[in-house]
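Notes follow the structure.
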Amino acid sequence: MAGCLFCRIIAGEIPASKVYEDDTLVAFNDINPQAPMHVLIVPRVHVASLNDLGPEHDALAGAMIRRAAAIAGDRGFAARGFRTVFNCNAEAGQTVFHVHLHVLGGRPMGWPPG
Ligand code: 5GP
Ligand code: ZN
(Lines give C-alpha, C1' and ligand atoms only; values in the text may rest on other atoms or scores of the structure.)
(Ligands and ions follow the chains in the order given, each with its own letter.)
Protein backbone atom coordinates (compact mmCIF):
# COMPACT_ATOMS: atom_id res chain seq x y z
CA MET A 1 0.00 0.00 0.00
CA ALA A 2 1.45 3.36 -1.05
CA GLY A 3 2.85 5.30 1.85
CA CYS A 4 2.76 2.44 4.34
CA LEU A 5 6.04 2.24 6.27
CA PHE A 6 5.97 -1.53 6.70
CA CYS A 7 5.00 -2.13 3.06
CA ARG A 8 8.06 -0.06 2.14
CA ILE A 9 10.28 -2.11 4.47
CA ILE A 10 8.87 -5.34 2.98
CA ALA A 11 9.57 -4.00 -0.53
CA GLY A 12 13.15 -3.15 0.47
CA GLU A 13 12.63 0.58 -0.09
CA ILE A 14 13.49 1.33 3.55
CA PRO A 15 16.26 -0.65 5.26
CA ALA A 16 15.51 -2.85 8.24
CA SER A 17 17.39 -5.45 10.23
CA LYS A 18 15.52 -8.51 8.97
CA VAL A 19 15.67 -11.68 11.04
CA TYR A 20 13.30 -13.90 9.03
CA GLU A 21 11.32 -13.88 5.81
CA ASP A 22 9.25 -16.29 3.79
CA ASP A 23 6.47 -16.12 1.19
CA THR A 24 3.94 -14.63 3.59
CA LEU A 25 5.85 -12.99 6.47
CA VAL A 26 8.77 -10.72 7.20
CA ALA A 27 10.31 -10.26 10.67
CA PHE A 28 12.74 -7.48 11.59
CA ASN A 29 14.16 -5.82 14.67
CA ASP A 30 12.19 -2.87 16.05
CA ILE A 31 14.04 0.41 15.51
CA ASN A 32 13.27 1.45 19.11
CA PRO A 33 13.59 -1.81 21.08
CA GLN A 34 11.73 -2.08 24.37
CA ALA A 35 13.56 -5.26 25.44
CA PRO A 36 16.81 -7.05 24.52
CA MET A 37 14.75 -8.95 21.91
CA HIS A 38 12.13 -6.82 20.16
CA VAL A 39 11.14 -8.26 16.81
CA LEU A 40 8.18 -7.23 14.66
CA ILE A 41 6.45 -9.89 12.58
CA VAL A 42 4.51 -8.46 9.66
CA PRO A 43 2.51 -10.09 6.87
CA ARG A 44 3.57 -9.26 3.33
CA VAL A 45 -0.05 -8.41 2.52
CA HIS A 46 -1.21 -5.02 3.76
CA VAL A 47 -3.82 -5.37 6.50
CA ALA A 48 -4.22 -2.23 8.60
CA SER A 49 -5.02 -3.69 12.01
CA LEU A 50 -6.47 -6.64 13.86
CA ASN A 51 -9.90 -5.15 13.12
CA ASP A 52 -9.33 -5.85 9.44
CA LEU A 53 -8.35 -9.52 9.68
CA GLY A 54 -10.96 -11.81 8.17
CA PRO A 55 -11.34 -15.58 8.05
CA GLU A 56 -9.22 -15.55 4.90
CA HIS A 57 -6.34 -14.48 7.13
CA ASP A 58 -6.64 -17.30 9.65
CA ALA A 59 -3.66 -19.23 8.29
CA LEU A 60 -1.63 -16.05 8.11
CA ALA A 61 -2.43 -15.10 11.71
CA GLY A 62 -1.51 -18.59 12.84
CA ALA A 63 1.76 -18.41 10.94
CA MET A 64 2.59 -15.07 12.60
CA ILE A 65 1.96 -16.46 16.07
CA ARG A 66 3.90 -19.65 15.43
CA ARG A 67 6.77 -17.67 13.94
CA ALA A 68 6.89 -15.54 17.10
CA ALA A 69 7.35 -18.67 19.19
CA ALA A 70 9.98 -20.00 16.77
CA ILE A 71 12.02 -16.78 16.85
CA ALA A 72 11.79 -16.60 20.64
CA GLY A 73 12.76 -20.26 20.88
CA ASP A 74 15.75 -19.78 18.58
CA ARG A 75 16.99 -17.09 20.97
CA GLY A 76 16.57 -19.23 24.06
CA PHE A 77 13.42 -17.63 25.45
CA ALA A 78 11.00 -20.56 25.11
CA ALA A 79 11.30 -21.78 28.69
CA ARG A 80 12.28 -18.47 30.24
CA GLY A 81 9.37 -16.63 28.67
CA PHE A 82 8.59 -13.88 26.21
CA ARG A 83 5.78 -11.45 25.41
CA THR A 84 3.74 -11.13 22.22
CA VAL A 85 1.62 -8.04 21.56
CA PHE A 86 -0.74 -6.81 18.86
CA ASN A 87 -1.57 -3.15 19.48
CA CYS A 88 -4.87 -2.26 17.82
CA ASN A 89 -5.77 1.38 17.17
CA ALA A 90 -5.10 4.54 19.11
CA GLU A 91 -5.92 3.65 22.69
CA ALA A 92 -3.67 0.60 22.55
CA GLY A 93 -0.85 2.66 21.07
CA GLN A 94 -0.82 1.42 17.48
CA THR A 95 1.29 3.85 15.46
CA VAL A 96 1.93 1.89 12.25
CA PHE A 97 -1.25 0.78 10.52
CA HIS A 98 0.05 -2.41 8.95
CA VAL A 99 -0.76 -5.22 11.34
CA HIS A 100 2.29 -6.49 13.24
CA LEU A 101 3.08 -8.76 16.13
CA HIS A 102 5.62 -7.51 18.66
CA VAL A 103 7.85 -10.25 20.14
CA LEU A 104 9.71 -9.13 23.25
CA GLY A 105 12.05 -10.99 25.53
CA GLY A 106 15.14 -10.83 27.67
CA ARG A 107 13.80 -8.94 30.68
CA PRO A 108 10.97 -9.43 33.19
CA MET A 109 7.64 -8.17 31.82
CA GLY A 110 5.13 -6.36 34.01
CA TRP A 111 1.44 -7.15 34.15
CA PRO A 112 -0.95 -5.52 33.45
CA PRO A 113 0.82 -3.85 30.52
CA GLY A 114 0.84 -0.07 30.51
P1 5GP B 1 2.91 0.00 17.21
O2 5GP B 1 3.12 1.20 18.11
O3 5GP B 1 2.18 0.41 15.94
O4 5GP B 1 2.31 -1.19 17.87
O5 5GP B 1 4.37 -0.46 16.79
C6 5GP B 1 5.09 0.12 15.77
C7 5GP B 1 6.54 -0.21 16.01
O8 5GP B 1 7.27 0.08 14.83
C9 5GP B 1 7.17 0.61 17.14
O10 5GP B 1 7.63 -0.26 18.16
C11 5GP B 1 8.30 1.36 16.45
O12 5GP B 1 9.46 1.48 17.24
C13 5GP B 1 8.54 0.54 15.20
N14 5GP B 1 9.03 1.31 14.09
C15 5GP B 1 8.59 2.54 13.67
N16 5GP B 1 9.28 2.92 12.59
C17 5GP B 1 10.16 1.94 12.30
C18 5GP B 1 11.15 1.76 11.29
O19 5GP B 1 11.36 2.60 10.41
N20 5GP B 1 11.88 0.62 11.33
C21 5GP B 1 11.69 -0.33 12.28
N22 5GP B 1 12.48 -1.41 12.23
N23 5GP B 1 10.76 -0.22 13.25
C24 5GP B 1 10.01 0.91 13.26
ZN1 ZN C 1 1.40 -1.87 4.64
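The values are calculated or read from the model by the stated rules, or taken from the named source; none is laboratory data. Every value quoted in this text rests on a predicted model; they were computed, and no experiment measured them. As a convention, Cβ positions derive from the backbone with ideal geometry for all residues, glycine included, and neighbour counts pool all protein chains shown. Heads up: the accessible areas ignore ligands, DNA and RNA and are worked out on the full protein's heavy atoms, side chains in. Shrake-Rupley method; radii C 1.70, N 1.55, O 1.52, S 1.80 Å.
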Residue 18 and residue 56 label points (each 7 Å along its Cα→Cβ direction) are spaced in nm at 2.5
Checked against the positive end of the charge dipole of the chain (+1 on Cβ of Lys and Arg, -1 on Cβ of Asp and Glu, about the Cα centre), the farthest of 5, 45, 109 is 109
Segment 44-91: spread of alpha-carbon positions along the three principal axes, whole Å, largest first, is 32, 27, 16
FRET efficiency (residue 2, residue 90; Cβ distance; R0 30 Å; to 0.05) is 0.85
Carbon/sulfur accessible area of the chain, % of total, 1.4 Å probe, equals 55
Plugging the Cβ-Cβ distance of residue 32 and residue 66 into 1/(1 + (r/R0)^6) at R0 = 22 Å yields, to the nearest 0.05, a FRET efficiency of 0.30
Measuring from its Cα centre, the chain shows a charge dipole (+1 at each Lys and Arg Cβ, -1 at each Asp and Glu Cβ) which, in debye to the nearest 20, is 460
For the chain, whose charge dipole is built from +1 on Lys and Arg Cβ atoms and -1 on Asp and Glu Cβ atoms, the candidate among 16, 97, 81 with its Cα farthest towards the positive end is 81
Percent of all alpha-carbon pairs of the chain at distances over 24 Å, whole number, is 21
